[in-house]
Amino acid sequence: MRKSMAGAVTASLLFASLAACAENGGSAGGDGGKTVTIGVVAPLAGVGALPATEYGVNAARSYINEELGGIGGRKVEFEWCKSDGTPEFIVNCANEFVRKGVPAVYDASNLALPAAVPILNQAGIPIIGSYPSAVGVDNQPRGSAFYLSGGAPMHAAGTVQLMERSGAKKVSLAVIASAQARDYVDKTLKPSAKALGVDVTAQLVETDNINARVLAATLLQGRPDTAGVISLPEEDCQNLFEALRDHGFTGTLMAGPCVMPFINDKRPDAAGALLQSRVWLPAAKPHAPAETRKQLDAYEAQMKKLGHEKAVNEPYTAAAFGGLVTLASALETVEGDIDSATVVETLKQLKDHPTWLLGPATCDGEQWPGSASTCSRSEMFLEVQKDGSLKPLSNEGFEEVTQPTS
């Protein structure tokens with residue numbers, strides 16, 4: 001039975017006794033250092049659920065152990081927190097991570113993660129991730145968290161940078177309704193857009209029964225030159241894009257993270273749609289550098305091996321795989337115990353570190369203002385091709401996101 005919120009607060013208060021047992025943070029486990037057990041918080045149910053993230057995590061575990069030989073010969077295991085999206089669930093997970101002494105916790109883009117932050121911070125257990133879904137989790141003190149790509153402020157700046165490049169002046173977007181989405185739009189996206197002279201309106205959408213034609217008509221009321229999504233379920237993305245075209249909209253489609261509709265349905269009117277990504281996907285492989293193509297081949301092989309090949313182009317799935325393999329490669333040089341202190345110190349030293357499927361990582365706390373946890377200020381801007389592939393607008397793939405100035 002799920003605990004009440006009062007129960008969650010009680011659990012959080014009881015944490016103090018657990019933290020006392022976790023001085024200097026967690027360690028690799030009690031098997032003489034033969035195994036490294038990392039906590040994983042994955043959003044598998046509830047608000048913001050991304051079930052396919054589990055596939056990416058499992059593919060990473062398989063690749064690290066079977067192809068890379070573990071981390072310096074040490075097998076990698078995961079202590080799971082299969083989140084239902086509620087803060088009380090996350091609090092229980094955080095306390096369990098502390099009790100079991102994990103050296104780090106991987107955030108697989110979980111909206112409810114903020115509930116765990118005070119507990120993990122007090123225990124000295126760092127949070128690692130490819131990029132955060134929750135607003136604000138990347139602005140912790142340096143060493144508390146490491147995100148290989150940026151959080152909401154940087155991503156919003158990237159969105160506006162892409163809008164500006166497309167020549168957009170009026171943009172109308174749909175986003176899944178939530179308090180965090182409202183904050184992101186009002187406090188982050190709109191101010192960034194205003195600084196560059198772009199007028200953005202956002203329609204918050206309840207996802208239980210979306211009428212794509214009505215939503216499309218609402219988005220087009222202000223006569224935008226660019227329309228699309230910040231976030232919607234994949235099927236609803238597809239329906240919305242078709243409805244926008246059916247309403248006669250001939251402007252630029254902004255596809256957000258909705259990759260699959262363009263890949264699976266090679267409609268001629270999909271070509272030219274713009275996407276923003278913090279991770280390489282197999283759909284972009286024809287346009288990727290040679291080393292990245294090798295990484296994508298390895299990722300696809302593991303996903304096929306585990307029976308999840310249909311999810312290879314899910315951004316959060318690829319990001320989970322890439323982030324965890326990158327973490328394993330970074331810790332490869334650790335000779336002694338892998339505990340929280342060694343994880344933090346190792347990651348702090350990363351400078352222009354090659355990642356798996358993400359941009360180069362420099363975890364010096366200075367990559368983005370107000371976000372000491374951000375290890376990169378680069379993203380990819382992609383255009384849908386007629387063959388359904390995704391081509392970066394830059395020949396290098398990733399490019400630097402600039403901070404808007406008012």
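Observations
- Hey, residue 158 open to solvent by less than 10 Å² (accessible area, probe 1.4 Å) and either under 30 Å from residue 205 (Cβ atoms) or part of a helix (DSSP H, G or I) (or both) or not: yes
- Of all residues in segment 231-253, those that are more than 16 Å from residue 201 (Cα to Cα) have Cβ atoms under 6 Å from Cβ atoms of residues that are in a helix (DSSP H, G or I) and not hydrophobic (A, V, I, L, M, F, W, C), 6 or more apart or on another chain, in 237/261; 238/261; 243/213; 245/269.
- You will find that of 224, 191, the residue that is open to solvent by less than 50 Å² (accessible area, probe 1.4 Å) and farther than 19 Å from residue 107 by Cβ is 224 and no other.
- Evaluation of residue 207 against (1) part of a strand (DSSP E or B); (2) more than 28 Å from residue 368 (Cβ to Cβ) (one fails), failing number: (1)
- Qualifying residue in segment 137-150 (condition: of a type in the set (Gly, Ala, Ser), modelled with pLDDT of 95 or more and touching a Gly at 6+ places or on another chain (Cβ under 6 Å)): no
- In segment 32-57, the residues that are more than 28 Å from residue 208 (Cβ to Cβ) and of a type in the set (Gly, Ala, Ser) form Cβ pairs under 8 Å with partners that are part of a loop (DSSP other than H, G, I, E, B) and open to solvent by less than 30 Å² (accessible area, probe 1.4 Å), at six or more places apart or across chains, as follows: 33/338; 39/102; 39/104; 39/125.
- Within segment 161-188, the residues that satisfy the criterion of being assigned to a helix (DSSP H, G or I) and among the hydroxyl-bearing types (Ser, Thr, Tyr) are 184, 188.
- Every condition in (1) at pLDDT below 95; (2) in contact with a strand residue (DSSP E or B) (Cβ under 6 Å, 6 or more places away or on another chain) is met by residue 361 except one, and the failing one is (1).
Residue by residue, here is whether (1) buried (at least 16 other Cβ atoms within 10 Å of the Cβ); (2) more than 19 Å from the chain's Cα centre (by Cα); (3) among the hydroxyl-bearing types (Ser, Thr, Tyr); (4) in a helix (DSSP H, G or I) holds:
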{"residue": "245", "(1), (2), (3), (4)": "no, yes, no, yes"}
{"residue": "249", "(1), (2), (3), (4)": "yes, yes, no, no"}
{"residue": "275", "(1), (2), (3), (4)": "yes, no, no, no"}
{"residue": "286", "(1), (2), (3), (4)": "no, yes, no, yes"}
{"residue": "302", "(1), (2), (3), (4)": "yes, yes, no, yes"}
{"residue": "316", "(1), (2), (3), (4)": "yes, no, yes, yes"}
{"residue": "345", "(1), (2), (3), (4)": "no, yes, no, yes"}
{"residue": "351", "(1), (2), (3), (4)": "no, yes, no, no"}
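- Evaluated against (1) open to solvent by 40 Å² or more (accessible area, probe 1.4 Å); (2) under 16 Å from residue 59 (Cβ atoms); (3) not in a helix (DSSP H, G or I), residue 329 falls short on exactly one condition, (3).
- In this structure, residue 212 does not qualify as modelled with pLDDT under 90 and either in contact with an Asp or Glu (Cβ under 8 Å, 6 or more places away or on another chain) or not β-branched (Val, Ile, Thr) (or both).
- Top-ranked residue of segment 361-370 - restricted to ones that are assigned to a loop (DSSP other than H, G, I, E, B) and in contact (Cβ under 8 Å) with a residue 24 or more places away in the chain, ranked as surrounded by the most Cβ atoms within 10 Å (Cβ to Cβ): 363
- Considering (1) under 30 Å from residue 178 (Cβ atoms); (2) under 21 Å from the mean Cα position of the chain (by Cα), the lone condition that residue 61 does not fulfil carries the number (1).
- Subset of segment 371-388 [open to solvent by 10 Å² or more (accessible area, probe 1.4 Å) and either within 17 Å of residue 281 (Cβ to Cβ) or part of a strand (DSSP E or B) (or both)]: 378, 383, 385, 387
The values are calculated or read from the model by the stated rules, or taken from the named source; none is laboratory data. What you are looking at is a predicted structure, and each value in this text was computed from that prediction instead of being measured. In this analysis, Cβ positions are derived from the backbone assuming ideal geometry, glycine residues included, and neighbour counts consider all displayed protein chains. Note: areas computed on protein heavy atoms with side chains; ligands, DNA, RNA excluded. Shrake-Rupley method; radii C 1.70, N 1.55, O 1.52, S 1.80 Å.
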